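Asker: Structure in structure tokens, see below.
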Amino acid sequence: MVWPTTVAELIEAQRALAVANPEPWRPGPLTVGGCFVCFPRGHTGIGAAGDPAWAAAVLLADGRRVGRYVVRATARGPYQAGLLALREGPLLEAAVRGLPRLPDVLLVNATGRDHPRRAGLAIHLGAELGVPTVGVTHRPLLATGEWPEPRAGAASPLFLEGELVGYWLRPRAAKRPIVVHPGWRVDPETALDVVRRCCARWRTPEPLRLARRAARTARARSG
DNA sequence: GCGACAG
DNA sequence: ATCTTGTCGC
């Protein structure tokens, strides 16, 4: 399979992903991956194809980092809500494929079913890699729901046209909640379970935090 | 027609 | 995504 390069191709791929019915994945002993793309400091707006970028992925086993890969890359297009795969999809795939092995489950900075065609980048990247995925974002794309109570670990459902598409989750009692999105082969409750296990120390799940740090460190070193 | 709208 | 200022804590 190849990443779509045009809006029409991506929309067609998203429609297929929305009705795909992969075998549900159940968490056993976990290796958890995280991946992240950053852009130059001072970068603003939606950008364009050719923007410099840094993509990183990390692999954690028993909470310890056992793999890391960072690659200098180039954005494939501008950012447009609902079409994030056109900008970051191939970059994230390249970062994850650079790991010593694929994770049991991968955390992605993107939505899943919370998407105009129910096929956000977390789902798309998981399908592409053949790896179960969970999306984590700062806010929903289209879904709505009340914030959970200010207690660490509290969660509340997010709905899109009547469908449960994810959860608000508060990793830290006093701080803003994050959004947890079931991705490829992952149901909402499993997604929540995976992310909770990764938030022992920080608001941002550890695999995403380490991938973000790795990408930004590379950016600082290579301008 | 206009604003909203993951990163 | 990135920016901004102070603030709290290890």
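Asker: Any idea how far the Cα center of region A:167-197 sits from the one of region A:33-100, in Å?
Answerer: For region A:167-197 versus region A:33-100, the Cα centre distance is 21 Å.
Asker: Normalising by the residue count of chain A, find the relative contact order in percent from Cα pairs under 8 Å and 6+ residues apart. Walk me through the numbers on the way to the answer.
Answerer: On the way: 533 pairs, mean separation 46.6, N = 223.
That works out to 21 percent.
Asker: Give the relative contact order (percent, whole number) for region A:169-223; include only Cα pairs under 8 Å separated by 6+ residues. Walk me through the numbers on the way to the answer.
Answerer: Values: 37 pairs, mean separation 15.2, N = 55.
The normalised contact order for region A:169-223 reaches 28 percent.
Asker: At 222 nm, what value in deg cm²/dmol follows for chain A if DSSP H runs of at least 4 each add -39500 (n - 2.57) and the sum is divided by all its residues, to the nearest 500?
Answerer: Numbers: 5 runs with 62 residues, N = 223.
It comes out at -8500 deg cm²/dmol, rounded to the nearest 500.
Asker: Let me ask something else. Which far-off residues, 5 or more places away or on another chain, put their amide H under 5 Å from the one on A:Leu158, with H placed in the peptide plane?
Answerer: A:Val165, A:Gly166, A:Tyr167, A:Trp168
Asker: While we're on this one: Calculate, for A:Thr217 and A:Glu149, the FRET efficiency according to 1/(1 + (r/R0)^6) with r their C-beta to C-beta distance and R0 41 Å; round to the nearest 0.05.
Answerer: Details: r = 36 Å, r/R0 = 0.88.
For R0 = 41 Å, the calculated efficiency reads 0.70.
Asker: While we're here: When ligands, DNA and RNA are left out and all protein chains stay put, how many square angstrom of accessible area per residue does region A:85-200 have with a 1.4 Å probe? Walk me through the numbers on the way to the answer.
Answerer: On the way: 4300 Å² over 116 residues.
With the other protein chains kept in place, region A:85-200 gives 37 Å² per residue.
Asker: Here's a follow-up. Go through region A:35-42 residue by residue and turn each phi into a ³J(HN,Hα) via Karplus (6.51, -1.76, 1.60, θ = phi - 60°); whole Hz please, and just put x for glycine and proline.
Answerer: 9, 7, 10, 10, 10, x, 4, x
Asker: To continue, here is another question. What FRET efficiency comes out for A:Glu23 versus A:Asp193 if R0 is 30 angstrom and r is the Cβ-Cβ distance? Round to the nearest 0.05.
Answerer: Values: r = 18 Å, r/R0 = 0.60.
Here the calculated transfer efficiency is 0.95.
Asker: Another question, if that's okay. Applying a 10 Å radius around every beta-carbon, put A:16-28, A:118-130 in order of their mean neighbour count, most first. The partial results should precede the final answer.
Answerer: Working: A:16-28: 11.6, A:118-130: 24.6.
Ranking, from highest mean packing down: A:118-130, A:16-28.
Asker: Given a 1.4 Å probe and every protein chain left where it sits, what share in percent of the accessible area of chain A is carbon and sulfur?
Answerer: Numbers: 5370 of 10490 Å².
Heavy-atom surface of chain A belonging to carbon and sulfur, 1.4 Å probe: 51 percent.
Asker: Then there is this: Would you mind calculating the gained length between A:Ala174 and A:Ala61 on full extension (0.36 nm times residue separation, minus the Cα-Cα distance), in nm to one decimal?
Answerer: Working: separation 113, 0.36 × 113 = 40.68 nm, distance 2.86 nm.
Gain on stretching A:Ala174 to A:Ala61: 37.8 nm.
The values are calculated or read from the model by the stated rules, or taken from the named source; none is laboratory data. Not measured: the values here are computed from a predicted model. Note that each Cβ is placed from the backbone with ideal geometry, even for glycine, and that neighbours are counted across all protein chains shown. Accessible surface areas use protein heavy atoms only, side chains included; no ligands, DNA or RNA. Shrake-Rupley method; radii C 1.70, N 1.55, O 1.52, S 1.80 Å.
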